[in-house]
1. Can you tell me which residue within segment 263-312, out of those that are among the polar types (S, T, N, Q) and either at pLDDT below 95 or not in a helix (DSSP H, G or I) (or both), is surrounded by the most Cβ atoms within 10 Å (Cβ to Cβ)?
2. Go through (1) over 29 Å from Glu187 (Cβ atoms); (2) part of a loop (DSSP other than H, G, I, E, B); (3) without any contact (Cβ under 8 Å) to a residue 60 or more places away in the chain and name the single condition Arg373 misses.
3. Which of the following residues is out of contact with any helix residue (DSSP H, G or I) (no Cβ under 7 Å at 6 or more places or on another chain), in a helix (DSSP H, G or I) and not acidic (Asp, Glu): Ala239, Ala193, Ala204, Ala212?
4. When the residues of segment 215-236 are narrowed to those that are in a loop (DSSP other than H, G, I, E, B) and of a type in the set (Gly, Ala, Ser), which ends up surrounded by the most Cβ atoms within 10 Å (Cβ to Cβ)?
5. Restricting to segment 41-50, name every residue that is in a loop (DSSP other than H, G, I, E, B), touching an Asp or Glu at 6+ places or on another chain (Cβ under 9 Å) and surrounded by 18 or more Cβ atoms within 10 Å (Cβ to Cβ).
6. Would you confirm whether or not segment 164-184 contains a residue that is hydroxyl-bearing (Ser, Thr, Tyr), in a helix (DSSP H, G or I) and under 25 Å from Gly87 (Cα atoms)?
7. Looking at segment 316-335, is at least one residue in contact (Cβ under 8 Å) with a residue 12 or more places away in the chain, out of contact with any Gly (no Cβ under 9 Å at 6 or more places or on another chain) and part of a strand (DSSP E or B)?
8. What is the number of the single condition among (1) buried (at least 17 other Cβ atoms within 10 Å of the Cβ); (2) in a loop (DSSP other than H, G, I, E, B) that Trp260 does not meet?
Amino acid sequence: MRSVQVSERIHWVGAIDWNLRDFHGYETPRGTTYNAYLVRGAEKTALVDTVKTPFADELLARVGSIVDPAEVDLIVVNHVEPDHNSGLRQIMEAMPNARVVASRSGVAGVAEYHGGLEVEAVGADDVIDLGGCTLRFLPMPMVHWPDSMFTYCAEERVLMPNDAFGQHMASSERFADEVGLDLAIEELTIYYANILMPLGRQVAKAVEKVVATGWEIETIAPSHGVIWRGDALGSVLDAYARLTAGETREKIVVAFSTMWGSTDTLARAVADGVAAEGVEVELFDLAVSPVAGVTRHLLDARALLLGSPTLHHGMLYRVAGYLQYLSGLKPSGKIGGAFGSYGWSSGACKQISERLGEIGFELPFDPYTQKYRPGPEEVAEAREWGARYARAVRELPGA
(Lines give C-alpha, C1' and ligand atoms only; values in the text may rest on other atoms or scores of the structure.)
Protein backbone atom coordinates (compact mmCIF):
# COMPACT_ATOMS: atom_id res chain seq x y z
CA MET A 1 0.00 0.00 0.00
CA ARG A 2 1.05 3.57 -0.70
CA SER A 3 2.85 5.57 1.98
CA VAL A 4 2.93 9.37 1.71
CA GLN A 5 5.96 11.57 2.29
CA VAL A 6 5.32 14.22 4.96
CA SER A 7 8.86 15.61 5.01
CA GLU A 8 12.28 14.41 3.87
CA ARG A 9 12.59 11.79 6.62
CA ILE A 10 8.99 11.26 7.71
CA HIS A 11 6.30 9.23 5.92
CA TRP A 12 2.61 8.73 6.68
CA VAL A 13 2.02 4.98 7.07
CA GLY A 14 -1.41 4.95 8.74
CA ALA A 15 -4.76 3.53 7.70
CA ILE A 16 -7.98 4.88 6.19
CA ASP A 17 -11.31 3.85 7.70
CA TRP A 18 -13.67 4.80 4.92
CA ASN A 19 -16.75 3.22 6.49
CA LEU A 20 -16.66 4.41 10.11
CA ARG A 21 -19.97 6.12 10.86
CA ASP A 22 -19.96 6.28 14.66
CA PHE A 23 -17.15 7.19 17.05
CA HIS A 24 -18.53 6.52 20.55
CA GLY A 25 -21.79 8.31 19.76
CA TYR A 26 -20.31 11.00 17.49
CA GLU A 27 -21.53 10.53 13.93
CA THR A 28 -18.69 10.39 11.38
CA PRO A 29 -20.29 10.56 7.92
CA ARG A 30 -16.88 11.12 6.29
CA GLY A 31 -15.17 8.20 8.03
CA THR A 32 -11.74 8.76 9.56
CA THR A 33 -8.07 7.91 9.39
CA TYR A 34 -5.72 6.42 11.95
CA ASN A 35 -2.49 8.22 11.20
CA ALA A 36 0.93 6.83 12.03
CA TYR A 37 4.30 8.16 10.97
CA LEU A 38 7.59 6.46 10.09
CA VAL A 39 10.64 8.57 10.98
CA ARG A 40 13.97 7.47 9.47
CA GLY A 41 17.32 8.60 10.79
CA ALA A 42 20.73 7.55 9.49
CA GLU A 43 20.97 4.81 12.12
CA LYS A 44 17.48 4.00 13.40
CA THR A 45 13.83 4.02 12.35
CA ALA A 46 10.88 4.95 14.55
CA LEU A 47 7.13 4.44 14.21
CA VAL A 48 5.10 7.19 15.89
CA ASP A 49 1.63 5.93 16.84
CA THR A 50 -0.10 2.75 15.71
CA VAL A 51 -3.65 1.92 14.60
CA LYS A 52 -6.88 0.16 15.49
CA THR A 53 -6.53 -3.64 15.41
CA PRO A 54 -8.42 -4.33 12.13
CA PHE A 55 -6.04 -1.96 10.33
CA ALA A 56 -2.72 -3.28 11.63
CA ASP A 57 -1.99 -5.16 8.40
CA GLU A 58 -2.66 -1.99 6.42
CA LEU A 59 -0.11 -0.09 8.51
CA LEU A 60 2.46 -2.89 8.22
CA ALA A 61 2.02 -2.97 4.43
CA ARG A 62 2.73 0.75 4.22
CA VAL A 63 5.74 0.45 6.52
CA GLY A 64 6.93 -2.46 4.36
CA SER A 65 6.85 -0.27 1.27
CA ILE A 66 9.67 1.75 2.88
CA VAL A 67 11.53 -0.62 5.19
CA ASP A 68 11.23 -4.16 6.50
CA PRO A 69 9.04 -3.82 9.64
CA ALA A 70 11.49 -6.07 11.50
CA GLU A 71 14.10 -3.32 11.11
CA VAL A 72 12.05 -0.72 13.02
CA ASP A 73 13.92 0.23 16.21
CA LEU A 74 11.38 2.31 18.12
CA ILE A 75 7.60 2.52 18.55
CA VAL A 76 6.16 5.66 20.17
CA VAL A 77 2.73 5.37 21.81
CA ASN A 78 1.33 8.89 22.05
CA HIS A 79 -2.05 7.73 23.35
CA VAL A 80 -3.49 4.41 24.57
CA GLU A 81 -7.08 4.80 23.35
CA PRO A 82 -7.92 1.73 21.21
CA ASP A 83 -8.22 3.59 17.91
CA HIS A 84 -4.47 4.27 18.18
CA ASN A 85 -3.27 1.49 20.43
CA SER A 86 -5.37 -1.67 20.09
CA GLY A 87 -3.19 -2.93 17.21
CA LEU A 88 0.03 -2.43 19.21
CA ARG A 89 0.59 -6.07 20.11
CA GLN A 90 0.27 -7.22 16.49
CA ILE A 91 2.60 -4.46 15.32
CA MET A 92 5.14 -5.28 18.02
CA GLU A 93 5.16 -8.90 16.84
CA ALA A 94 6.10 -7.67 13.36
CA MET A 95 8.75 -5.37 14.87
CA PRO A 96 10.37 -7.71 17.44
CA ASN A 97 13.48 -5.58 18.00
CA ALA A 98 11.62 -2.31 18.58
CA ARG A 99 11.84 -0.50 21.89
CA VAL A 100 8.41 0.86 22.88
CA VAL A 101 8.01 4.19 24.70
CA ALA A 102 5.09 6.16 26.08
CA SER A 103 4.39 8.79 28.72
CA ARG A 104 4.51 7.58 32.32
CA SER A 105 0.71 7.30 32.36
CA GLY A 106 0.88 5.67 28.95
CA VAL A 107 3.14 2.93 30.28
CA ALA A 108 0.49 2.04 32.85
CA GLY A 109 -2.27 2.28 30.25
CA VAL A 110 -0.55 -0.04 27.79
CA ALA A 111 0.11 -2.57 30.56
CA GLU A 112 -3.52 -2.50 31.66
CA TYR A 113 -4.93 -2.70 28.13
CA HIS A 114 -2.59 -5.32 26.70
CA GLY A 115 -1.62 -7.20 29.83
CA GLY A 116 2.11 -7.13 30.38
CA LEU A 117 3.69 -5.54 27.31
CA GLU A 118 7.05 -3.97 28.13
CA VAL A 119 7.01 -0.21 27.60
CA GLU A 120 9.47 2.47 28.76
CA ALA A 121 8.49 5.91 30.05
CA VAL A 122 9.73 9.06 28.35
CA GLY A 123 9.21 12.69 29.35
CA ALA A 124 10.00 16.27 28.49
CA ASP A 125 13.72 15.86 29.22
CA ASP A 126 14.18 12.84 26.96
CA VAL A 127 15.62 12.95 23.44
CA ILE A 128 15.98 9.87 21.25
CA ASP A 129 18.55 10.20 18.46
CA LEU A 130 17.82 8.15 15.37
CA GLY A 131 21.04 9.31 13.72
CA GLY A 132 20.94 12.96 12.72
CA CYS A 133 17.19 12.94 13.38
CA THR A 134 15.85 13.30 16.93
CA LEU A 135 12.54 12.77 18.68
CA ARG A 136 11.48 14.85 21.68
CA PHE A 137 8.44 14.30 23.86
CA LEU A 138 5.94 16.45 25.70
CA PRO A 139 3.43 14.71 27.98
CA MET A 140 0.03 16.40 27.61
CA PRO A 141 -2.27 15.07 30.35
CA MET A 142 -5.96 15.40 29.45
CA VAL A 143 -5.41 16.33 25.82
CA HIS A 144 -7.47 14.30 25.86
CA TRP A 145 -6.61 11.36 28.19
CA PRO A 146 -4.16 11.33 31.12
CA ASP A 147 -1.60 9.45 29.01
CA SER A 148 -1.65 11.79 25.99
CA MET A 149 1.72 12.90 24.63
CA PHE A 150 3.09 14.99 21.75
CA THR A 151 6.16 13.88 19.76
CA TYR A 152 8.35 16.36 17.87
CA CYS A 153 11.07 15.89 15.28
CA ALA A 154 13.29 18.99 15.41
CA GLU A 155 15.25 18.37 12.22
CA GLU A 156 12.05 17.96 10.17
CA ARG A 157 10.12 20.61 12.16
CA VAL A 158 7.18 18.23 12.42
CA LEU A 159 4.88 18.01 15.46
CA MET A 160 2.94 14.76 15.91
CA PRO A 161 0.33 15.65 18.59
CA ASN A 162 -1.96 12.62 18.34
CA ASP A 163 -5.62 13.72 18.78
CA ALA A 164 -4.90 17.46 18.98
CA PHE A 165 -5.57 19.25 15.68
CA GLY A 166 -7.36 16.13 14.39
CA GLN A 167 -10.55 15.61 12.41
CA HIS A 168 -12.64 12.59 11.49
CA MET A 169 -12.32 12.58 7.72
CA ALA A 170 -11.33 9.78 5.35
CA SER A 171 -9.79 10.85 2.05
CA SER A 172 -7.19 9.78 -0.46
CA GLU A 173 -5.42 13.09 0.16
CA ARG A 174 -3.23 13.50 3.23
CA PHE A 175 -2.94 17.29 3.53
CA ALA A 176 -5.43 20.03 4.42
CA ASP A 177 -4.49 22.10 1.38
CA GLU A 178 -5.35 19.11 -0.84
CA VAL A 179 -8.87 18.48 0.50
CA GLY A 180 -9.66 22.19 0.83
CA LEU A 181 -8.88 24.37 3.80
CA ASP A 182 -12.50 25.36 4.53
CA LEU A 183 -13.58 21.71 4.70
CA ALA A 184 -10.60 20.76 6.88
CA ILE A 185 -11.24 23.61 9.35
CA GLU A 186 -14.95 22.74 9.53
CA GLU A 187 -14.16 19.08 10.28
CA LEU A 188 -11.61 20.22 12.87
CA THR A 189 -14.33 22.33 14.49
CA ILE A 190 -16.80 19.43 14.57
CA TYR A 191 -14.11 17.20 16.13
CA TYR A 192 -13.26 19.82 18.74
CA ALA A 193 -16.92 20.40 19.64
CA ASN A 194 -17.66 16.71 20.14
CA ILE A 195 -14.40 15.49 21.71
CA LEU A 196 -12.33 18.35 23.11
CA MET A 197 -14.96 20.92 24.19
CA PRO A 198 -14.76 20.03 27.91
CA LEU A 199 -10.95 20.20 27.75
CA GLY A 200 -10.62 23.70 26.27
CA ARG A 201 -8.39 24.99 29.08
CA GLN A 202 -6.10 21.99 28.89
CA VAL A 203 -5.87 22.28 25.10
CA ALA A 204 -5.07 26.00 25.38
CA LYS A 205 -2.35 25.25 27.94
CA ALA A 206 -0.98 22.54 25.66
CA VAL A 207 -0.59 25.01 22.82
CA GLU A 208 1.10 27.47 25.21
CA LYS A 209 3.38 24.67 26.40
CA VAL A 210 4.47 23.91 22.85
CA VAL A 211 5.13 27.60 22.18
CA ALA A 212 7.22 27.80 25.37
CA THR A 213 9.51 25.02 24.14
CA GLY A 214 10.67 27.21 21.27
CA TRP A 215 10.13 24.35 18.86
CA GLU A 216 10.03 25.48 15.25
CA ILE A 217 7.06 23.86 13.56
CA GLU A 218 6.39 23.72 9.84
CA THR A 219 4.00 20.76 9.88
CA ILE A 220 1.39 19.48 12.35
CA ALA A 221 0.66 15.80 11.74
CA PRO A 222 -2.28 14.64 13.92
CA SER A 223 -3.48 11.08 14.32
CA HIS A 224 -6.88 11.62 12.67
CA GLY A 225 -7.67 13.31 9.38
CA VAL A 226 -5.42 15.52 7.30
CA ILE A 227 -2.01 17.06 7.99
CA TRP A 228 -1.47 20.81 8.34
CA ARG A 229 1.37 22.50 6.44
CA GLY A 230 2.20 25.77 4.67
CA ASP A 231 -0.53 28.41 4.84
CA ALA A 232 -2.88 25.86 6.44
CA LEU A 233 -0.66 25.82 9.52
CA GLY A 234 -1.46 29.44 10.36
CA SER A 235 -5.15 28.83 9.69
CA VAL A 236 -5.38 25.86 12.04
CA LEU A 237 -3.51 27.66 14.81
CA ASP A 238 -5.88 30.63 14.47
CA ALA A 239 -8.86 28.26 14.55
CA TYR A 240 -7.58 26.53 17.68
CA ALA A 241 -7.04 29.89 19.38
CA ARG A 242 -10.70 30.78 18.74
CA LEU A 243 -11.97 27.38 19.80
CA THR A 244 -10.03 27.21 23.05
CA ALA A 245 -11.01 30.79 23.89
CA GLY A 246 -14.67 29.72 23.69
CA GLU A 247 -15.56 32.48 21.25
CA THR A 248 -19.29 32.72 20.48
CA ARG A 249 -21.50 34.93 18.39
CA GLU A 250 -25.13 36.10 18.36
CA LYS A 251 -26.53 32.67 17.57
CA ILE A 252 -29.13 30.35 19.10
CA VAL A 253 -29.58 26.62 18.55
CA VAL A 254 -33.18 25.40 18.65
CA ALA A 255 -33.41 21.60 18.90
CA PHE A 256 -36.51 19.50 19.46
CA SER A 257 -38.28 16.19 19.13
CA THR A 258 -41.98 15.84 18.42
CA MET A 259 -44.78 13.24 18.54
CA TRP A 260 -47.75 14.67 16.64
CA GLY A 261 -46.25 17.88 15.27
CA SER A 262 -47.23 20.36 17.99
CA THR A 263 -43.70 20.78 19.36
CA ASP A 264 -42.46 21.02 15.76
CA THR A 265 -44.86 23.95 15.22
CA LEU A 266 -43.64 25.63 18.40
CA ALA A 267 -39.99 25.11 17.45
CA ARG A 268 -40.50 26.83 14.12
CA ALA A 269 -42.26 29.73 15.84
CA VAL A 270 -39.44 30.04 18.39
CA ALA A 271 -36.85 30.04 15.61
CA ASP A 272 -38.84 32.65 13.71
CA GLY A 273 -38.90 34.87 16.79
CA VAL A 274 -35.12 34.60 17.14
CA ALA A 275 -34.55 35.43 13.48
CA ALA A 276 -36.95 38.39 13.64
CA GLU A 277 -34.60 39.98 16.18
CA GLY A 278 -31.67 39.69 13.77
CA VAL A 279 -30.00 36.86 15.67
CA GLU A 280 -28.69 33.81 13.81
CA VAL A 281 -30.65 30.63 14.48
CA GLU A 282 -30.10 26.95 13.66
CA LEU A 283 -33.12 24.63 13.93
CA PHE A 284 -32.70 20.85 14.37
CA ASP A 285 -35.15 17.98 14.65
CA LEU A 286 -33.30 15.48 16.84
CA ALA A 287 -35.09 12.61 15.10
CA VAL A 288 -33.18 13.26 11.88
CA SER A 289 -30.23 15.51 12.78
CA PRO A 290 -26.82 14.04 13.73
CA VAL A 291 -26.02 15.15 17.27
CA ALA A 292 -22.43 15.90 16.26
CA GLY A 293 -23.72 18.56 13.87
CA VAL A 294 -26.08 20.03 16.47
CA THR A 295 -23.21 20.21 18.94
CA ARG A 296 -20.88 21.82 16.41
CA HIS A 297 -23.37 24.67 16.08
CA LEU A 298 -23.87 24.88 19.83
CA LEU A 299 -20.10 25.38 20.21
CA ASP A 300 -20.19 28.98 18.94
CA ALA A 301 -23.81 29.72 19.89
CA ARG A 302 -24.88 31.57 23.02
CA ALA A 303 -28.09 29.70 23.76
CA LEU A 304 -29.75 26.31 23.43
CA LEU A 305 -33.54 26.12 23.35
CA LEU A 306 -34.68 22.53 23.69
CA GLY A 307 -38.21 21.31 22.96
CA SER A 308 -40.12 18.13 23.71
CA PRO A 309 -43.70 16.99 24.16
CA THR A 310 -44.53 15.12 27.35
CA LEU A 311 -44.61 11.34 27.22
CA HIS A 312 -45.19 9.32 30.41
CA HIS A 313 -44.78 12.51 32.47
CA GLY A 314 -41.35 13.23 30.98
CA MET A 315 -39.38 14.23 27.90
CA LEU A 316 -38.93 12.12 24.78
CA TYR A 317 -35.92 9.81 24.81
CA ARG A 318 -34.15 11.64 21.97
CA VAL A 319 -34.12 14.85 24.00
CA ALA A 320 -33.04 12.99 27.13
CA GLY A 321 -30.29 11.30 25.12
CA TYR A 322 -29.00 14.58 23.76
CA LEU A 323 -28.91 16.10 27.24
CA GLN A 324 -26.88 13.10 28.43
CA TYR A 325 -24.51 13.58 25.47
CA LEU A 326 -24.08 17.25 26.37
CA SER A 327 -23.47 16.54 30.04
CA GLY A 328 -20.09 15.02 29.25
CA LEU A 329 -19.09 17.93 27.00
CA LYS A 330 -19.88 20.53 29.68
CA PRO A 331 -20.66 23.55 27.45
CA SER A 332 -20.12 26.73 29.44
CA GLY A 333 -21.12 30.38 29.31
CA LYS A 334 -24.46 29.69 27.61
CA ILE A 335 -28.12 30.22 28.43
CA GLY A 336 -30.85 27.67 27.90
CA GLY A 337 -34.57 27.21 27.82
CA ALA A 338 -37.24 24.53 27.49
CA PHE A 339 -40.44 24.51 25.47
CA GLY A 340 -43.00 21.98 24.34
CA SER A 341 -46.56 20.79 24.21
CA TYR A 342 -48.45 18.29 26.33
CA GLY A 343 -51.78 16.49 26.41
CA TRP A 344 -53.36 15.05 29.54
CA SER A 345 -50.22 15.63 31.67
CA SER A 346 -47.14 17.84 31.59
CA GLY A 347 -43.61 17.29 32.85
CA ALA A 348 -41.17 17.41 29.92
CA CYS A 349 -40.21 21.07 30.28
CA LYS A 350 -39.62 20.69 34.01
CA GLN A 351 -37.25 17.78 33.37
CA ILE A 352 -35.43 19.60 30.55
CA SER A 353 -34.97 22.72 32.67
CA GLU A 354 -33.59 20.75 35.59
CA ARG A 355 -31.16 18.87 33.37
CA LEU A 356 -29.98 22.02 31.58
CA GLY A 357 -29.32 23.62 34.96
CA GLU A 358 -27.34 20.61 36.14
CA ILE A 359 -25.16 20.78 33.01
CA GLY A 360 -24.42 24.46 33.62
CA PHE A 361 -26.82 26.45 31.45
CA GLU A 362 -28.30 29.64 32.90
CA LEU A 363 -32.10 29.69 32.59
CA PRO A 364 -33.24 33.34 32.41
CA PHE A 365 -36.89 32.69 31.55
CA ASP A 366 -39.61 30.21 32.46
CA PRO A 367 -40.28 27.41 29.96
CA TYR A 368 -42.92 27.88 27.31
CA THR A 369 -45.50 25.09 27.52
CA GLN A 370 -48.74 24.70 25.64
CA LYS A 371 -51.56 22.14 25.85
CA TYR A 372 -52.56 20.17 22.76
CA ARG A 373 -52.27 21.69 19.29
CA PRO A 374 -51.03 25.31 19.14
CA GLY A 375 -53.30 27.85 17.52
CA PRO A 376 -52.42 31.32 16.22
CA GLU A 377 -52.27 32.78 19.73
CA GLU A 378 -49.88 30.11 21.00
CA VAL A 379 -47.69 30.40 17.91
CA ALA A 380 -47.41 34.15 18.53
CA GLU A 381 -46.51 33.53 22.18
CA ALA A 382 -43.83 31.03 21.18
CA ARG A 383 -42.45 33.51 18.67
CA GLU A 384 -42.19 36.18 21.37
CA TRP A 385 -40.58 33.67 23.76
CA GLY A 386 -37.88 33.05 21.14
CA ALA A 387 -37.46 36.78 20.61
CA ARG A 388 -36.85 37.28 24.35
CA TYR A 389 -33.96 34.82 24.16
CA ALA A 390 -32.59 36.59 21.10
CA ARG A 391 -32.52 39.85 23.04
CA ALA A 392 -30.95 38.09 26.01
CA VAL A 393 -27.98 36.68 24.05
CA ARG A 394 -26.89 40.22 23.20
CA GLU A 395 -26.45 40.92 26.89
CA LEU A 396 -24.13 37.97 27.54
CA PRO A 397 -20.38 38.56 28.15
CA GLY A 398 -18.62 38.96 24.84
CA ALA A 399 -21.78 40.05 23.10
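The values are calculated or read from the model by the stated rules, or taken from the named source; none is laboratory data. As the structure is a prediction and not an experimental result, all values here were calculated from the model. Don't worry about glycine lacking a Cβ; one is built from the backbone with ideal geometry, like all the others, and counts go over all protein chains shown.
1. So the residue we want is Ser308.
2. (3)
3. Going through Ala239, Ala193, Ala204, Ala212 in turn, the sole match is Ala212.
4. Of everything passing the filter in segment 215-236, Ala221 is surrounded by the most Cβ atoms within 10 Å (Cβ to Cβ).
5. Scanning segment 41-50 gives Gly41, Lys44.
6. Of segment 164-184, the ones hydroxyl-bearing (Ser, Thr, Tyr) are 171-172.
From the residues that got through so far, the ones that are in a helix (DSSP H, G or I) too are none.
For segment 164-184, residues hydroxyl-bearing (Ser, Thr, Tyr), in a helix (DSSP H, G or I) and under 25 Å from Gly87 (Cα atoms): absent.
7. Checked segment 316-335: at least one residue is in contact (Cβ under 8 Å) with a residue 12 or more places away in the chain, out of contact with any Gly (no Cβ under 9 Å at 6 or more places or on another chain) and part of a strand (DSSP E or B).
8. (1)
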